[in-house]
Every structure is written in C-alpha cells, then in structure tokens.
Amino acid sequence: MPFIERQRQRIFYEETGSGPAIVLGHSFLCSGEMWEKQVPVLADSFRVVNIDYRGHGQSSTVEGRFDVYDLVDDTIAILDELGIEQAVWAGLSTGGFAALRAALTVPERVRAIVVADASAAAESLYPKLKYRTLGLGARLVGLRPFVPVVIPIMFGQTTLRENRDLVDEWTPSFLSLDLPSILRFLEAIITRDSLLDRLPEIEVPALIVVGEEDRGQPVFLARQMANGIPGARLEIIPQAGHLSALEQPEAFNHALLDFLTSL
C-alpha cells in the first residue's frame, strides 16, 4: 500500500484516476473514506490523491506535537513522491485549514483551493476551553461517554433526524481512533494561527463551501473567508452540517465540479 515516511510518521494515501491533480484532505475524526462519494466522480477527469492524516485511517499514530503546517508539509511530501508539481487542494475542516495555509506558504504548488466547513480565524477562547475539557475527560474515561456531545458537532440536525444510518455508520470510526493521537491532533487544530489578515494575499481561485447547519464552523465564518479572498466563490449546502460532503454528497459534488470546470 502507498505510504510516505516523514517525521517518524507513516502517512497513507490512495491515488485514483488521471488528469490534472486534486488532493483531498479530510475532517478531524474521519479519514480519506469520507470522500467515498466524491472520489469516483472526480476520478473521471482528475488524478485524485486522497490522504489519511496523521493518527487517522491507515496512517500511523501521532508521535509528539505538531501543527497544521505539518499537514501541509506531509501533503507536499506525497505530491513530491508522485511527481506532482501542482494540484487543486480540496479540504474539509482540518483539510480546509491545510488548504488555506498551502495557498499562502507554497502557492506555486497550488492550482486552486476548495475550503469546506473550515475557518481562517484562530479558535476562540470558549470552544478552545470546551474542547480541552472534552479531551481531558476522554483521557480519563475514554471517548465513548462523549459521543452524544461529538455527534451533533459533526452532523447537522437534518442528518440526525432523517439519516441516522449515516450517523451509525461513522460513529464506530470515531470511537476506533487512537486516543493519544486524537488528543495531539485536537491540540494542533485548536492552537492554529489566524489567517484573517492574510486572506487578501491568496491569489489562486477559491471555492468556500459550508453546510447550512454546521455548528462547529458556521456559515458566518465561511462568509468571512469568501469576503476576504479575492474572487472567492461561496456555496452553502442546505440540510448539511459539518460533514457536508458526507451528508449531502450530490449538492456538494455539484458545487465542486462546477468550480473545477471553471478552472
């Protein structure tokens, strides 16, 4: 299976299709499998590189502290391994954080960005305290007791009410993750820097996507990004929460393909 080794980490990725390259970055607590409804559609026209971030999916557990910029460097290492000079960076949540930073730090490697259910702002104080409290509790008693708190952050109310099968399908994946890795990953996310003042520096085409019911990274944060990046598009996905690509794949794919075609 395809892996790269970096900073004592073993990072898994899958490559599908041919054509211009697009790299996919998933949400916290998920894996590259969250793109199962996007990869077959994209692979008809694109060379799709689907990554499992550190501590997720088939990648190794997290060893030591890191930050979101390390995820950018992990992705660059994979693109180098595949001989890909430039790609569209499409990411949801954590993947969106990485795509924004790639556009600012390695713009020559970025054809365009798709930032879904993410933010350019630093984590505010109250959510930071809440997530650290959840992390402390999980360290003491495990993650399972906190599932009722986590699930409404990940999924929108429409999904919780009308598509419990999707929630039930993904809940075991959340619980199966290595807890020390997840806590280190969580710290990397909530200590991310603010990019708000730097958004006008982004010169590549940008699509900002957000689930209408996203509680973790709500619509106003998506508007903030779209207003700050010159020429950015904003797409709001109805009846979707934080995992918009999973919850409403047809609407998500329509927005994604329309943007990619415009390139």
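Read the figures in this text as sums done on the coordinates, not as results from a lab. Just so it is clear, the structure is predicted and the values come from calculations on it, not from any experiment. All Cβ positions, glycine included, derive from the backbone under ideal geometry; neighbour counts span all protein chains shown.
What the table below lists for this structure:
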| quantity | calculated |
| --- | --- |
| Percentage relative contact order, the range 3-262, counting C-alpha pairs under 8 Å, at least six apart | 20 |
| Kirkwood estimate for the range 149-202, i.e. one over the average of 1/r between Cα atoms, Å | 13.8 |
| Matching label, Rg/Rh (Cα atoms, Kirkwood Rh) computed from the structure shown, candidates (1) 0.96; (2) 0.93; (3) 0.99 | (2) |
| Residue order, fewest to most surrounding Cβ atoms within 10 angstrom, among ARG144, ARG101 | ARG144, ARG101 |
| Footprinting exposure proxy for THR61, THR75 (fewest neighbouring C-beta atoms within 10 Å first) | THR61, THR75 |
| Calculated from backbone phi, Karplus (6.51, -1.76, 1.60) coupling profile of the range 175-185 in Hz, x at Gly/Pro | 6, 7, 6, 5, 4, x, 5, 5, 5, 5, 5 |
| CD proxy at 222 nm, helix term only [per DSSP H run n ≥ 4: -39500 (n - 2.57); per residue of the chain; nearest 500] | -13000 deg cm²/dmol |
| Antiparallel DSSP beta bridges within the range 3-262, as percent of all bridges there, nearest 5 | 30 |
| Residues with amide H under 5 Å from that of VAL110, placed H, sequence gap 5 or more | ALA87 |
| Listed residues LEU221, LEU136, LEU92, most fluctuating in the chain (Gaussian network, C-alpha, under 10 Å) | LEU136 |
| Residue among LEU177, LEU104, LEU129 with the largest mean-square fluctuation in a Gaussian network model of the chain, springs linking Cα atoms under 10 Å | LEU129 |
| The range 1-141, dipole about Cα centre (Lys/Arg Cβ +1, Asp/Glu Cβ -1), debye to the nearest 20 | 600 |
